[in-house]
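The next block holds one structure in the form of structure tokens; read it before the comments.
The values are calculated or read from the model by the stated rules, or taken from the named source; none is laboratory data. Quick caveat, the model's predicted, so the values are computed rather than measured. Because the Cβ atoms are built from the backbone with ideal geometry, glycine has one as well, and the counts that use them run over all protein chains shown. Side chains are part of the model used for accessible areas, which takes the heavy atoms of the whole protein and leaves out ligands, DNA and RNA. Shrake-Rupley method; radii C 1.70, N 1.55, O 1.52, S 1.80 Å.
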Amino acid sequence: MKRTLICVALLLIVLMVAPSHGQGRLPQFELFVGGAIPLAPDGFKDYYKTGLSIHGQYVIFLSPSIGLSFGAAYEFFMFDSDAFNDDFAEAYGWDPRDFGIDTDGNSGILELGVGVRPYLTPATANSQIFLFGMGTYNALKNEVTVSDGDTEETIEGNESKMGAALGAGIELPAGNMNVIIQGLYRFIFTEGETTSFVGVTGGIVF
């Protein structure tokens, strides 16, 4: 982990002293908000609702067709207690809700990433279409609480895992600023089956 942080710090220093534009493209900040749909593993896909996704990115351009992005993101997913109780009742023949037992919880993912953004359109085009790939460091926090009305027990989990993101987007002019829409496929290399979800976000460019 320390070696990774040192490498990232050195890369940032190099980029700060390097030219800050790529022949016509200026560096830009981007802010996004949208939704994230759980895909895997089954416990994540079946028992968590579509989450809130918030992103921020800083992009510099190494050439007119290649951007280098530095990003941070946060996804928040709420536990779907009704889906869990329905499956529990089907599997075991009794419904926890009939006995006043309630299950609730949430899952949060904080992400830091560095990626490459190839552009499919020239720098002079009004609308910009791009692809991107990103390596990520993810801090995951999970919390599930079971309560019977008198007592409750909370189970928490925290872990840090590497991951990757692939996607595409489009940047469009809108008055004095640009708007940007992107879709991404996120993978987090958790133990056992890889955690994954699809995010669709929109935002503005500064």
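Inspection of region 51-73 finds no residue satisfying the criterion of being modelled with pLDDT of 95 or more and assigned to a loop (DSSP other than H, G, I, E, B).
May I ask you to verify whether A83 is open to solvent by 50 Å² or more (accessible area, probe 1.4 Å), farther than 30 Å from P27 by Cβ and not in a strand (DSSP E or B)? Here the answer is no, as A83 does not meet what is asked. Which residue is surrounded by the fewest Cβ atoms within 10 Å (Cβ to Cβ), if the candidates are limited to region 37-69 and must be more than 16 Å from Y119 (Cβ to Cβ) and among the polar types (S, T, N, Q)? Going through the qualifying residues, I end up with T50.
If G183 meets every condition in (1) in contact with a strand residue (DSSP E or B) (Cβ under 9 Å, 6 or more places away or on another chain); (2) open to solvent by 60 Å² or more (accessible area, probe 1.4 Å) apart from one, which number is that one? Going through (1) in contact with a strand residue (DSSP E or B) (Cβ under 9 Å, 6 or more places away or on another chain); (2) open to solvent by 60 Å² or more (accessible area, probe 1.4 Å) one by one, G183 breaks only (2). Under the condition of being in a strand (DSSP E or B) and surrounded by fewer than 16 Cβ atoms within 10 Å (Cβ to Cβ), the residues counted in region 24-36 number 4.
Summed over region 112-146, the residues that are open to solvent by 30 Å² or more (accessible area, probe 1.4 Å) and over 27 Å from L26 (Cα atoms) give a count of 6. Scanning region 160-206 for residues that are assigned to a strand (DSSP E or B) and among the charged types (D, E, K, R) yields K161, E171, R186.
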